[in-house]
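Right, one structure below, let's go through it.
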Amino acid sequence: MSLADNDFTPHRNTIFEEQAEVLARVEHPGDQYILRVKAAKTAQHAQPGQFVHIRVSEARPLRRPISIMLTNPEKGTVDLLFKAIGEGTRELSQRKQGDLLPMLGPIGRPFDLSDLNKRYVLIGGGVGIPPMIFAADHLAGKADVVVFAGSEVAFPFSLRPSQFLLPGIAGNTILAIASLESRGVASRLASNADMYGCYQGHVPNLAGEYLRALKESERARTVMLSCGPHPMLHAVARLSRETGVAAQLSLEEHMACGIGGCAGCVVKTKEAGGEYYRRVCVDGPVFPAEMLPEFA
């Protein structure tokens, strides 16, 4: 898959500035937080793989990029899952019901989910799980989709034994995300933290066991979507090369402006036989794996 320059433009000039009202805040183990905010325009227009850029307080002018986990266009709400790992996100984690957050969104080029004849294998790690939840919610009931999620701390979701059998997956890997199961989407979990019901190891290895158990004809119609830390994305890119299954990678990068002006989040790409530098915020964050020399 290659992209011409005009393929990067459809999702530009579609960013809204809103005063997002905090409706709910839920704290989970491992400094994980879910915020539900009222942001009608973002909720109406957001697509899986896009993110928002939030100003956490008046004292901190630089915004923080946060992936969108779910939207409810009818109610105008957006759900955000993040981990408090620095001063900015820790301050964001203390926002309470009724607080207003200056927010830009939705930002970025989303996952390509246009071919509903494809089988979508979604692989998320840590704070890279939210885009997978959003994509699975979008695809539920429309296409074949399986979610693999990895975490080294407790998963911030209700879990239950899966009702779906998956080829290649051992019988003791049974836990699934309950909200996905209720929508008919199979999922499995991976961790190195010796969690009951989870695959013991890294999530790309779990996804690899599933993909290698598929018939060749099934792998031929499969595409992987992935978001997470760079070592995980490297493993997904290797899995793509080994199995021949195409992959779309959503990159996590530090950002300043978040709207393409500062070019502080560029990544090298290979396109049409040449090398380019693309901005992760607006040209991405989603790129075909083969476009990224770092992951080759």
Add +1 for every Lys or Arg and -1 for every Asp or Glu among the other residues with Cβ under 13 Å from the Cβ of residue 186, and state the total. +2
Helix-only CD estimate at 222 nm, as mean residue ellipticity for the chain, using -39500 (n - 2.57) per DSSP H run (n ≥ 4): -5500 deg cm²/dmol
If Lys and Arg each add +1 and Asp and Glu each add -1, what is the summed charge of the other residues whose beta carbon sits under 11 Å from the beta carbon of residue 18? 0
5 Å is the cut-off here: which amide hydrogens, built 1.01 Å from N in the peptide plane, fall below it relative to residue 266, excluding neighbours closer than 5 in sequence? 280
Packing-ranked peptide list from 129-141, 35-47, 53-65, highest mean Cβ count within 10 angstrom first, is 129-141, 35-47, 53-65
Taking a ≥ b ≥ c as the square roots of the eigenvalues of the Cα gyration tensor, with a/c under 1.5 meaning rounded and otherwise prolate when a/b exceeds b/c and oblate if not, the stretch 119-250 is rounded
Let's see if you can work this out: charge +1 on each Lys and Arg Cβ, -1 on each Asp and Glu Cβ, no other charges. What is the dipole magnitude of the chain about its Cα centre, in debye to the nearest 20? 280 debye
Over the chain, relative contact order from alpha-carbon pairs under 8 Å, at least 6 apart, %: 17 percent
Can you give the relative contact order of the stretch 5-107 as a percent, counting alpha carbon pairs under 8 Å and 6+ residues apart? 39 percent
Need the C-alpha centroid separation for the stretch 242-281 versus the stretch 179-209, integer Å. 27 Å
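Taking R0 as 25 Å, what FRET efficiency do you get between residue 170 and residue 221 from their Cβ-Cβ distance, rounded to the nearest 0.05?
0.50
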Tell me the relative contact order for the stretch 68-179 as a rounded percent, counting alpha carbon contacts under 8 Å between residues six or more apart. 22 percent
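How many percent of DSSP beta bridges within the chain run antiparallel, rounded to 5?
Values: 44 of 70 bridges.
Here the antiparallel bridges make up roughly 65 percent for the chain.
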Packing-based order for 219-231, 260-272, using average beta carbon neighbours within 10 Å, highest first: 219-231, 260-272
Based on the mean of other beta carbon atoms within 10 Å per residue, what is the order of 198-207, 23-32, 115-124, most packed first? 198-207, 115-124, 23-32
Convex hull volume per residue for the stretch 5-107, taking Cα atoms only, in Å³: 106 Å³
Can you find, among 201, 211, 190, the residue farthest towards the positive end of the dipole of the stretch 184-226? Put +1 on the C-beta of Lys and Arg, -1 on that of Asp and Glu. 211
If you look at just the Cα atoms of the chain, how large are its Rg and its Dmax in Å? 18.3, 55
DSSP bridge orientation in the stretch 119-250 - percent antiparallel, rounded to nearest 5: 10 percent
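Since every read-out is calculated from the coordinates, none of them should be taken as a lab result. Model, not experiment: these values are computed from the prediction. Counting neighbours? That spans all protein chains shown, and the Cβs are built from the backbone with ideal geometry, glycine included.
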